[in-house]
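First comes the structure, then the notes that go with it.
The values are calculated or read from the model by the stated rules, or taken from the named source; none is laboratory data. All values reported here derive from a predicted model rather than from experimental measurement. Glycine gets a Cβ as well: all are built from the backbone with ideal geometry, and neighbour counts include every protein chain shown.
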Amino acid sequence: MASGIHDDRQSWLHAIGGNADSIGMVKDIEKALRMTGWNMGTDMGFTITFGGALMGVAAKVRNSQDDPQGMSVFRQTMKEFGLDNNLYIDDKMQEGRFFIYVGRKP
């Protein structure tokens, strides 16, 4: 992913607060993305979301035709690892953006 895309990067990668598996995995994903050159910002690189019951990993986009740069590769990688590969639609999302949610261990 090119530098300059997702300038507020710490707000697009989410872990479930209070769930050690979710937080541990999102930290590993954040570290891997940094190692491959993604600009994850200067903070911890992800956001804690509370009250989630999500199992596995999900991506959220504006509509089903939206294919933001990097999202399809990420989803395919998660699928190859056997993680739930859910896609959520939110028409309030900015076009060309995606959020990744790491839920509880399946």
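Annotations for the structure displayed:
For (1) among the hydroxyl-bearing types (S, T, Y); (2) surrounded by 14 or more Cβ atoms within 10 Å (Cβ to Cβ), each residue gets a yes or a no:
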| position | (1), (2) |
| --- | --- |
| Q65 | no, no |
| S72 | yes, no |
| K79 | no, no |
| G82 | no, no |
| L87 | no, no |
| Q94 | no, no |
| F98 | no, yes |
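- Checking W38 against (1) part of a helix (DSSP H, G or I); (2) at pLDDT below 90, the condition it does not meet: (1)
- Residue in the range 1-24 that is modelled with the lowest pLDDT, counting only those that are surrounded by fewer than 19 Cβ atoms within 10 Å (Cβ to Cβ) and in a helix (DSSP H, G or I): Q10
- All of (1) farther than 17 Å from E30 by Cα; (2) more than 13 Å from the chain's Cα centre (by Cα); (3) modelled with pLDDT of 85 or more hold for K79 with one exception: (3).
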